[in-house]
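Some notes on the structure that comes next.
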Amino acid sequence: MAHFGSSNWTKCPCGSADKVVRKGMCRKCRRRFLGPTAALRDNVSGFEVAKQREIAELKQAFALATPISPKPVKTDKGANCMLEVDIFDLHLGKLAWAKETGYENYDLKIAKDLFVEALEVLIARTAGNKFSEVVLPVGNDFFHTDNLVSETTAGTRQDMEGRFHKTAHIGRQLMVYAIERLRQIAPVTAIVAPGNHDQLSAWHLGDSLECWFHDAKDVKVDNLPTLRKYHQFGNVMLMFTHGNRGKHIDYPLLMATEKPEMWGATKYRECHIGHLHQTQMRDSYKVEENHGARVRIISALCAADAWHAEMQLVGNLRQAEAFVWHLDEGQIAHATYTAR
């Protein structure tokens with residue numbers, strides 16, 4: 001006859017139907033006669049067994065698993081992309097004194113240097129793509145004033161540095177330089193989108209560019225006297241307007257109304273606007289998407305002048321942007337230049 005604690009017992013001596021776990025006793029008896037630490041040791045042992053079992057199962061699953069070899073993504077080696085270079089709201093001719101505004105100085109020379117630097121940086125940051133076309137919006141308050149007495153198109157006086165004719169001359173030089181630089185990449189389409197500061201000046205600049213490049217087969221200037229311009233590149237539809245007129249939420253419907261065939265033939269649709277000198281509008285993000293089209297606010301590159309400082313419209317990043325559009329896939333890249 002086996003004594004108490006013998007491993008020959010099939011049941012605990014207490015008569016319990018509980019399973020014998022160790023040394024011929026159930027858990028209750030082990031806790032009663034050997035103390036609570038015995039039950040704890042039993043649980044630890046059970047956890048260890050479960051852990052070892054799980055490790056073994058993982059090893060077996062790993063041994064049976066089929067290795068996954070990453071497949072190279074097929075890239076489009078052809079020139080099926082379009083580059084869009086947006087240097088908006090330069091406000092060439094604006095004068096800002098840092099001691100008055102609390103921010104940066106701004107004048108003709110500073111604006112000219114900023115424009116050239118922004119252009120070169122955006123070209124460098126998108127150089128990894130092959131382009132069949134370049135789009136360059138012209139206007140969007142490229143000039144700060146629209147007449148000889150330093151007023152906007154609507155007659156609002158502005159702080160100006162230099163004479164109107166001097167500013168117009170430098171502005172034409174900058175745009176000619178930009179087009180000459182970009183046509184080294186691909187044929188250029190310059191799209192004139194007048195702003196509320198330079199509605200007439202922008203049109204005259206566009207007319208000058210048409211005359212300058214009249215023999216260039218790789219340069220096209222869209223200078224129709226309309227405030228909204230459209231451009232299609234494969235599956236991409238773009239609308240350019242300054243953004244100071246109408247409700248932005250209505251722009252998608254306006255795009256479909258004015259260019260129904262272009263709307264129906266495209267999937268990726270955006271309207272690019274300036275004017276607001278900021279990256280946010282109301283309580284929404286920089287990009288609003290409604291009814292199949294996005295309305296994107298392009299940042300301003302100019303510095304705040306005395307009026308902006310007085311109205312507390314200060315502190316936003318001063319940027320220029322570039323977009324890479326694929327013929328079939330829409331936007332595939334975005335580059336930004338930020339004034340320092």
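Going by how many other beta carbons lie within 10 Å of each one, how would you line up Thr338, Thr145, Thr66, fewest first?
Thr66, Thr338, Thr145
At a Förster distance of 25 Å, what's the computed FRET efficiency of Thr156 paired with His214, Cβ-Cβ distance as r, to 0.05?
Calculated value: 0.15.
For a protection proxy built on the mean count of beta-carbon atoms within 10 angstrom, sort 115-122, 310-317 highest first, please.
Result, highest mean Cβ count within 10 Å first: 115-122, 310-317.
Please list, short to long, the whole-number percent of alpha-carbon pairs of segment 81-338 in consecutive 5 angstrom bins beginning at zero.
Percent of pairs per bin, in order: 1, 6, 14, 18, 21, 18, 12, 7, 3, 1, 0.
For each of Met262, Met237, count neighbouring Cβ atoms within 10 Å of the residue's Cβ, then give the residues from fewest to most.
So the ranking, lowest neighbour count to highest, is Met262, Met237.
Do any trypsin sites (Lys or Arg not before Pro) in segment 198-239 lie in a loop, going by DSSP, with at most 11 other beta-carbon atoms within 10 Å of their beta carbon, and if so which?
When the trypsin sites (Lys or Arg not before Pro) of segment 198-239 are filtered for loop state and at most 11 Cβ neighbours within 10 Å, Lys217 remain.
So how strong a dipole does segment 114-173 carry about its Cα centre when Lys and Arg Cβ are +1 and Asp and Glu Cβ are -1, to the nearest 20 debye?
Computed about the Cα centre, the dipole is about 160 debye.
How big is the dipole moment of segment 81-338 about its Cα centre under a simple scheme where the beta carbon of each Lys and Arg is +1, that of each Asp and Glu is -1, and everything else is neutral? Debye, nearest 20, please.
Approximately 160 debye in magnitude.
Taking neighbour Cβ counts within 10 Å as the exposure measure, how do Phe323, Phe240, Phe62 sort from fewest upward?
Ordered by Cβ neighbours within 10 Å, fewest first: Phe62, Phe323, Phe240.
Each reported figure results from applying straightforward, stated rules to the coordinates on display, with no laboratory input. None of these values were measured; they are calculated from a predicted model. With ideal geometry, Cβ positions are generated from the backbone for all residues, glycine too; neighbour counts draw on all protein chains shown.
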